[in-house]
Amino acid sequence: MIVAILRMSVSSEKRDDAIRTLRLILGPTQALLSCISCRLYQDVDDENLISFVQEWDSREALETHIRSDDYRYVLAVMELASEPPEIKFVESLKTDGMELIEEIIG
């Protein structure tokens, strides 16, 4: 699995445009078979800070998405940032759930 995380601050004047644009691609992205999840978050302490998080089943799927027309919307939203956006791609080889907590707590 690979997770793409875009975190950016936008001015209050551009915030609604940024959120509206990212919402446009949420549904189509979530509908892709290779997309595990696609979420848009707004920080509770700073409403101008937004995060767009996508989980993909493979690096190849992410690369295909980055080459797509829909990803151009993501790039356009990054242009609205009031400071350089933070973008990270995290590859995960292993994922644990509740069983890890149970193992640690005993």
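Structure summary
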| read-out | value |
| --- | --- |
| Cut-off 18 Å, label 7 Å out along Cα→Cβ of T95, residues of region 2-34 by amide N | 2-6, 29-34 |
| Cβ-based exposure ranking for F89, F52, in which fewest neighbours within 10 Å come first | F89, F52 |
| Computed magnitude of the charge dipole of region 2-105 (debye, nearest 20; Cβ of K, R +1, Cβ of D, E -1) | 420 debye |
| Packing-based exposure ordering (other Cβ within 10 Å, fewest first) of V74, V90, V44, V3 | V44, V90, V3, V74 |
| Formal net charge of residues neighbouring F52 (Cβ-Cβ distance under 9 Å; K, R +1; D, E -1) | +2 |
| Cα-based helix-to-principal-axis angle, 69-78 vs the chain, degrees rounded to 10 | 70 degrees |
| Most mobile listed residue (L49, L33, L80) in the chain, GNM with C-alpha springs under 10 Å | L33 |
| Quarter of Cα convex hull surface for the chain, i.e. mean projection, nm² | 8.0 nm² |
| Selection of GluC sites (Glu not before Pro), region 7-106, meeting DSSP coil and at most 16 other Cβ within 10 Å | E47, E79 |
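Here, each number is a calculation from the coordinates, and none is a lab measurement. Predicted, not measured: the structure shown is a model, and the values here were computed from it. Here the Cβ is made from the backbone with ideal geometry for all residues, glycine too, and neighbour counts use every protein chain on show.
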